[in-house]
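The values are calculated or read from the model by the stated rules, or taken from the named source; none is laboratory data. Quantities reported herein were computed from a predicted structural model and do not represent experimental measurements. Note that we place each Cβ from the backbone using ideal geometry, even for glycine, and neighbour counts take in every protein chain shown. Side chains included, ligands, DNA and RNA excluded: accessible areas come from the protein's heavy atoms. Shrake-Rupley method; radii C 1.70, N 1.55, O 1.52, S 1.80 Å.
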There are 4 protein chains.
Amino acid sequence: MKVAVIGASGYTGVELLRIVHRHPRLELAAATSEQRAGLVIGESFPALREIVDLKFEALDAADLATRVDAAFVCLPHSTAAPAVAALRAGGVTVIDISADFRLRDRAVYETWYGPHKAPEIFGQGVYGLPEFYAEALVGAKLVAAPGCYPTSALLPMLPFLRAGVVETDPIIIDAKSGASGAGRTVAEGYLLTELDDNFYAYKVAAHRHIPEIEQEASLVAGEPVRVTFVPHLLPTIRGIGTSVYLRLKAPLTTAEAREILLDAYGAAPFVRVLPEGETPKLAHVRGSNFCDVGVVVDEHAGTLIGLAAIDNLVKGAVGQGVQCLNLSQGWGETEGLEEAPFSP
Amino acid sequence: MKVAVIGASGYTGVELLRIVHRHPRLELAAATSEQRAGLVIGESFPALREIVDLKFEALDAADLATRVDAAFVCLPHSTAAPAVAALRAGGVTVIDISADFRLRDRAVYETWYGPHKAPEIFGQGVYGLPEFYAEALVGAKLVAAPGCYPTSALLPMLPFLRAGVVETDPIIIDAKSGASGAGRTVAEGYLLTELDDNFYAYKVAAHRHIPEIEQEASLVAGEPVRVTFVPHLLPTIRGIGTSVYLRLKAPLTTAEAREILLDAYGAAPFVRVLPEGETPKLAHVRGSNFCDVGVVVDEHAGTLIGLAAIDNLVKGAVGQGVQCLNLSQGWGETEGLEEAPFSP
Amino acid sequence: MKVAVIGASGYTGVELLRIVHRHPRLELAAATSEQRAGLVIGESFPALREIVDLKFEALDAADLATRVDAAFVCLPHSTAAPAVAALRAGGVTVIDISADFRLRDRAVYETWYGPHKAPEIFGQGVYGLPEFYAEALVGAKLVAAPGCYPTSALLPMLPFLRAGVVETDPIIIDAKSGASGAGRTVAEGYLLTELDDNFYAYKVAAHRHIPEIEQEASLVAGEPVRVTFVPHLLPTIRGIGTSVYLRLKAPLTTAEAREILLDAYGAAPFVRVLPEGETPKLAHVRGSNFCDVGVVVDEHAGTLIGLAAIDNLVKGAVGQGVQCLNLSQGWGETEGLEEAPFSP
Amino acid sequence: MKVAVIGASGYTGVELLRIVHRHPRLELAAATSEQRAGLVIGESFPALREIVDLKFEALDAADLATRVDAAFVCLPHSTAAPAVAALRAGGVTVIDISADFRLRDRAVYETWYGPHKAPEIFGQGVYGLPEFYAEALVGAKLVAAPGCYPTSALLPMLPFLRAGVVETDPIIIDAKSGASGAGRTVAEGYLLTELDDNFYAYKVAAHRHIPEIEQEASLVAGEPVRVTFVPHLLPTIRGIGTSVYLRLKAPLTTAEAREILLDAYGAAPFVRVLPEGETPKLAHVRGSNFCDVGVVVDEHAGTLIGLAAIDNLVKGAVGQGVQCLNLSQGWGETEGLEEAPFSP
């Protein structure tokens, strides 16, 4: 299948080029970047020298529609929506990595992101969390790949909401992300001199991923869920580690809680439920599409603690996008995503 | 004043040598290390070459009592207690950095740490959190310096418990520490190859600092407080960043919450209450005795979020110990601790 | 082809498991580790959970010879030799990652490494630097994969020695390696707290890789080459960056020097000759089998500077070993090694 | 003494604020920053909150001359010169951290840096390497503090040139610097995502510090010295490690070479000559004004290897500047610079 990567010069875009390079069914037919149009990808990003010889091109959706079957849109929110619309109009299957089609309520979207730029197709995206939307993804033409934080927060939380063993209001989510979560943003705060050896919370209870998490959690819980979500910045390039704190309705052992995870993910190829006594580590999922999850019940305080680790660029973005494309096409769910974690 | 550093070869011990070197009232008269006895400190730790020419010696409390007025005990818990007892018996003022005299209930101590090795003086330590125990510290002969995690958890939490604006059961504490928190432990898990680029939770709801936090929080709250405490390991040498999640009893604004912090710490020289919109960062306290604290109220979910950053070896250990000694002797609280944070 | 990984629990061993997992022609039939015998690999190394379900076993060369066609020996030098001999005696093709069969002069070997433990087959190894020994590698039954430092030093140096444009005595080699070069060595000096933010030279002009570099350089130069080799330790997990300083016999431009590299490596799939103005970067080869090389002529001082970057665990160890196996079997040289560099 | 810091918002400027804060004889009377004029320093740089309450001001040299006795100029080269001239015209003692007054030959300066902006005072600066210019610094009114790379290259090299035991053409200098050497430069290449886990050479044999090194080396050698200088970028915030390769004229042992260093630096308070078998490490000088030096003779190849480690912001910039001011005023050479290295 011929694919295009739209917005291929960001960190998610480059990671996707790596995955497409190894995917047995995908052929990279086009990669767009407004700023780097005309440059050879492998010269612009020397890691890809002699691997990706294509040139970046400016985005022309109508033209692309004649050349590719599917496109991954790795543009920032708001910029993504019109590109998605144009590609869909041309019949292209779209995996959108941006936030533009994740929310189901347009008012909520516009509160957090401003006016939607392609309202005519708002609501058409299938939320691309394969562990919960596998059926809907079959044949999907527009997939809204989840955000990195929501992926890491929902996977260790949803099984317990579905099982009805925890309270829904509020849920505490303490998340920590490597710096690539900010993309290739050139700002003083992201310099190595500022971030290395550092660590801090940001956008405390004010991050745009809150409504996405609450939406999906509420759907699974069958009642409104409210979350307190605090993201933190880690001095690493990649990775998200998230700890979710849920109040138990009734006593539960760690072993029982773990069974709930195993029931949910026993058949999920990319969610690994850890044994009791182990915790998810960034180093064990780095470069892979795995989400490692664990659970501990704090019987003393009546708290269930869900833990997760992902590579934000892979399971938190384009790896999950490829997983969704695989499902949408009826291919093996793991094709192109079988690379073992990069460790150490 | 002549002082001894007992257990001077660990990371807290070496940090203390740095502080004593700059403290205008302290003279290093002895430094003990069983393993390195006989070695010149500056040769054993080349960072201190030509700065500390003393030799490590084996611990002989009776002999030390004739040579020093005060001693900092930087030994592991359980090993510390008998050393403290022997030094006290010799009339030496002791600042104990270990956990051996922090807890007020011996049964609780023994549940978490095993049999106490100096039960005859159990209960004699003054808890060395100067922002809450300044009066008791004046003239104190045995100070139990708080743990690193408790310091970072209590300072952004106690003012709200005292003000009675938050629920006490349970409180969620999500803490992240640099690797020096484990001391100079030579184990595979602490190799750079294993920890760098990594991040994970450990001892989930099972860390020995839990009873210490609950003890102090309960005293201030005037009722039993239960906490869910989850420590995480950061890929940094130093620093602890802690986020505390408290359920509000009634609506409160961030500005009102910040006033509560200002009331508590307006006169505290080492607690800096950050302006609204800023969050504590490890890089801003590194190498200093500061604890930066901030607060955000999540009105949406009814959660008050207390945030803190400290250098675990300084405010989380020996810097706080020196602050306590200053208070116990009636010296200026900040003497020897005025070095500006090491940034960048 | 069924293969065994001997010494599979070190960092090179684990990296090899990752490569074998993706190699289309290799099937992992056995993995040995004396310390971890009986443990499931994916449980012992959670990054490989659900990927490698085999158990570690103790080494039994005779038994292995009945089960595998080829073996990679990832044991320390001196331990490797007898294992290699036993496997060869059983007819197994061996790729030896250790130093035991790299040197051609047994006296030199024994000066640096002590008595050789399999003298009967000393001298039978083909030096596994494919860019210079491609023909000898075809059909080879015993390959001695080069050391990590020698790979990074020889590739940017040999073409100039072969071309006769530089002096041979002495050559200055300043090399910098990430900490995984020391293997999974649990020692204080390799703790994150000791290595992070740090950098220093070690084994100055005294590293065991010196005779290997001199041997290969002398062979290509056709005269004795002496090198001053100084390794340094970088605060990274992976990667070697090496700068080689050669005295020019006669003036040469950077462009002319670069042509010499292009002549040497134009057809080499894993050596990328950089454009003028670019320098090799660890981040651009991380996780890949590439060696990026560059050259700058300092006309002012008459020095030719050769530069190289590799991933020490891949091109500097097991990736190069797999490249050699591919050549020995007549397979495509790049099979199993096409994963794009892990960047960022 | 009242001092001003000109260009106080860069990394060297902020480090200087830390040193001035602890210096017993200095009082910060003014700090300039064009971009941050009007902002409170401790709010602009939260590490300094509650420590430096002064406001940044725009530079007005005439006004400053009425308010301060001395000024440190931490501006970029070329911008510095006119500020220095104006301050000197007002009678202010100036310690210039920039490159504008280091070179003795104006043509050389202009080749590397462009037209000099204060030619009327060109040549008036005393080169501020105290270990070699202590006498000239007494009473100096304009000090040109050496560059960071030159400091790290000259200290392990000059004693051997002075002793006449090494060849002078060419000398190989392989230097490695942390990212703060680039200042607070907001560019993609300095993002944590680009630099962390990375390492590479840059400005190969083309760095502006070359003429400065050659000038000082030639003066000491008494004959023209040519150097091949290759800087590399380390994934650390601070620190420079430099290895210098000198060709021996005649055989010399490491012990004899070390004696030459001891002769040169026995009385130098900030140069520590390491014992045989130890090498300078960034971690052992971090945050301090020390330069650790070592030497190894490679008898096999006839090479003398000089090694050095400094903190680029301290001994490589403003710490050395303060050392020069101390000497110029006849104060103790170490005043304000006695803080022990920040380790770990």
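What net charge do the residues around D:Gly7 carry, taking every other residue with its C-beta under 13 Å from that of D:Gly7, with Lys and Arg at +1 and Asp and Glu at -1? Once all neighbours under 13 Å are counted, the net charge is -3.
For the range C:149-312, a/c is not less than 1.5, where a ≥ b ≥ c are the root eigenvalues of the C-alpha gyration tensor, and a/b tops b/c. That puts it in the prolate class.
In the range A:267-307, Rg over Rh equals 1.05, where Rg is the alpha-carbon radius of gyration and Rh the Kirkwood radius from pairwise Cα distances. Relative to the 2.2 N^0.38 Å rule of thumb, chain B has a C-alpha radius of gyration ratio of 0.96. Computed with the Debye formula from one identical point scatterer per Cα of the range B:2-124, without solvent, the log10 of I(q)/I(0) at q = 0.10 Å⁻¹ comes to -0.30. Taking 22 Å as the limit for the C-alpha separation, the pairs C:Lys249/D:Lys249; C:Lys176/C:Lys203; D:Lys203/D:Lys281; C:Lys176/D:Lys203; A:Lys176/B:Lys249; C:Lys176/C:Lys281 exceed it in the case of D:Lys203/D:Lys281; A:Lys176/B:Lys249. For B:Tyr127, the residues whose amide H sits under 5 Å from its own are B:Ala144, ignoring neighbours fewer than 5 places away on the same chain, with H placed 1.01 Å from N.
Between C:Glu256 and C:Val108, the simple label model (points 7 Å from Cα in the Cβ direction) yields a spacing of 3.1 nm. Other residues lying with their Cβ under 13 Å from the Cβ of D:Val84 contribute a combined charge of +1, Lys and Arg counting +1, Asp and Glu -1.
How well do other chains shield peptide B:283-289, expressed as the mean number of their Cβ atoms within 10 Å of each residue Cβ?
What the average comes to for B:283-289 is 5.
When the P(r) of the range B:8-54 is calculated, the portion above 15 Å amounts to 37% of the C-alpha pairs.
The range C:272-311 and the range D:248-300 have Cα centres lying 30 Å from one another. Sorted from shortest to longest, the distances between the C:Asp69 label points of this copy and the other copies are 3.3, 8.1, 8.4 nm, with each point 7 Å from Cα along the line through the beta carbon. Each of A:Asp53 and B:Arg67 was given a label point 7 Å from its Cα along the Cα-to-Cβ line. The distance between the two points is 7.5 nm. Build a GNM of chain B with springs between Cα atoms under 10 Å apart, and of B:Ala182, B:Ala153, B:Ala30 the one that fluctuates most is B:Ala182.
GNM on chain B, alpha-carbon springs under 10 angstrom: the most fluctuating residue among B:Val285, B:Val225, B:Val318 is B:Val225. Summary value for chain C: 17 percent relative contact order, contacts being C-alpha pairs under 8 angstrom separated by 6+ residues. Rg over Rh for the range B:55-117 works out to 1.01, both radii taken from alpha-carbon positions and Rh defined as the Kirkwood radius. So what does log10 I(q)/I(0) come out to for the protein assembly as shown at q = 0.09 Å⁻¹, using the Debye formula with one equal point on every Cα and no solvent? Ignoring solvent entirely, the Cα scatterers give -1.32. Near C:Val166, the amide H atoms lying under 5 Å from its own belong to C:Lys249; only residues 5 or more places off or on other chains count, and H is placed 1.01 Å from N.
Couplings 3J(HN,Hα) of the range A:286-301, computed from phi: 3, x, 10, 8, 6, 10, 8, 10, x, 8, 9, 9, 8, 5, 4, 10 Hz, in residue order, whole Hz [Karplus 6.51 cos²θ - 1.76 cosθ + 1.60, θ = phi - 60°; x for Gly and Pro]. In chain C, taking the dipole from charged Cβ atoms about the Cα centre, the farthest positive-side position among C:Ile171, C:Ala118, C:Val14 is held by C:Ala118.
With both labels modelled 7 Å from their Cα along Cα-to-Cβ, the A:Ala134 to C:Ala187 distance reads 4.9 nm.
Over chain C, dividing the summed -39,500 (n - 2.57) contributions of all DSSP H runs of at least 4 residues by the number of residues returns a 222 nm mean residue ellipticity of -8000 deg cm²/dmol.
Taking amide H as placed 1.01 Å from N in the peptide plane, A:Gly332 has no amide H partner under 5 Å among residues 5 or more places away or on another chain. Rounded to the nearest 20 debye, the dipole magnitude of the protein assembly as shown is 0 debye, with +1 charges on Lys and Arg beta carbons, -1 on Asp and Glu beta carbons, and the Cα centre as origin.
Judged by the ratio a/c of the largest to the smallest principal axis of the C-alpha gyration tensor, the range D:117-182 counts as oblate, that ratio being 1.5 or greater while a/b is no larger than b/c.
Phi angles of the range B:222-232 translate, via the Karplus equation with coefficients 6.51, -1.76, 1.60 and θ = phi - 60°, into HN-Hα couplings of x, 7, x, 10, 10, 10, 9, 10, 10, x, 10 Hz per residue; Gly and Pro are given as x. Per-residue mean of foreign Cβ neighbours for C:168-176 is 5 (Cβ atoms of other chains, 10 Å radius).
In nanometers and ordered shortest first, the copy-to-copy spacing of the B:Asp169 label point, defined 7 Å from Cα toward Cβ, is 2.3, 8.5, 8.7.
Taken one residue at a time, the phi angles of the range C:119-125 give Karplus couplings (6.51, -1.76, 1.60, θ = phi - 60°) of x, 5, 10, 4, x, 8, x Hz. Gly and Pro are set to x. Take each residue of peptide A:49-61, count the partner chain Cβ atoms within 10 Å of its Cβ, and average: the result is 2.
Sort out for me the Cα centre separation of the range C:1-22 from the range D:111-147, rounded to whole Å. Between the Cα centre of the range C:1-22 and that of the range D:111-147, the gap is 59 Å.
Give me the net charge for the shell around C:Glu167: Cβ to Cβ below 15 angstrom, other residues only, Lys and Arg +1, Asp and Glu -1. List each step's numbers first, then the result.
Details: positive: C:Arg162, C:Arg226, C:Arg247, C:Lys249, D:Arg247; negative: C:Asp169, C:Glu214, C:Glu223, C:Asp298, D:Glu167, D:Asp169.
Net charge in that neighbourhood comes out at -1.
At 1.4 Å probe size, with every protein chain present, just tell me what the per residue accessible area of the range D:149-312 comes to in Å².
26 Å²
Once a ≥ b ≥ c are taken as the square roots of the eigenvalues of the Cα gyration tensor of the range C:248-344, is the result rounded (a/c under 1.5), prolate (a/b larger than b/c) or oblate (a/b not larger than b/c)? Taking the square roots of the gyration eigenvalues as a ≥ b ≥ c, the range C:248-344 is prolate.
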